[in-house]
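Colleague: Dropping a structure here in structure tokens format, bear with me for questions.
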Amino acid sequence: MISATSLPPRPTPWTRLGRPLTRAALAAVAGVGLIEDAASLERIRAMFAARGRMMPDRNRVQAHHPAGAEPIFNPAGTAPG
């Protein structure tokens, strides 16, 4: 018997490769583009540097947010809220 909880999540228009694209969905709903926040990018780079690592390019997207939105500092991880 297959239950709904044993099935993989269904893709939605706002997921790609199983990852939610919340920032893209919010930007689309608001009718704005995504912009890169320099302060967020610097914090992300600093967190990697503090661990003796270079920031991978794939982490740069974590500094993007919908135009007009204000990023929320996340002291526990790399991605701002």
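The values are calculated or read from the model by the stated rules, or taken from the named source; none is laboratory data. Source: prediction; values computed, not measured. Here the Cβ is made from the backbone with ideal geometry for all residues, glycine too, and neighbour counts use every protein chain on show.
Colleague: Taking only pairs six or more apart or across chains, which ones have beta-carbon atoms under 7 Å, a first residue in the range 41-69 that is under 24 Å from Val29 (Cβ atoms), and a second residue that is among the acidic types (Asp, Glu)?
Modeller: If the second residue must be among the acidic types (Asp, Glu), the pairs left are Ala63/Glu36; Ala63/Asp37; His64/Glu36; His65/Asp37.
Colleague: Of everything in the range 12-53, what is of a type in the set (S, T, N, Q) and modelled with pLDDT of 85 or more? Give them in sequence order.
Modeller: From the range 12-53, those of a type in the set (S, T, N, Q) are 12, 15, 22, 40; that's our starting set.
Of everything in the range 12-53, just one residue is of a type in the set (S, T, N, Q) and modelled with pLDDT of 85 or more, namely Ser40.
Colleague: Which numbered condition in (1) modelled with pLDDT under 90; (2) surrounded by 14 or more Cβ atoms within 10 Å (Cβ to Cβ); (3) part of a loop (DSSP other than H, G, I, E, B) is the only one that Pro9 fails?
Modeller: All conditions are met except number (2).
Colleague: Scan the range 26-58 residue by residue and report those that are farther than 21 Å from Pro75 by Cβ and assigned to a helix (DSSP H, G or I).
Modeller: Selection gives Leu26, Ala27, Ala28, Val29, Ala30, Asp57, Arg58.
Colleague: Also, I was wondering about something else. Looking at (1) within 13 Å of Arg23 (Cα to Cα); (2) of a type in the set (A, V, I, L, M, F, W, C); (3) assigned to a loop (DSSP other than H, G, I, E, B), which is the one condition that is false for Val61?
Modeller: Only one criterion is unmet by Val61, namely (3).
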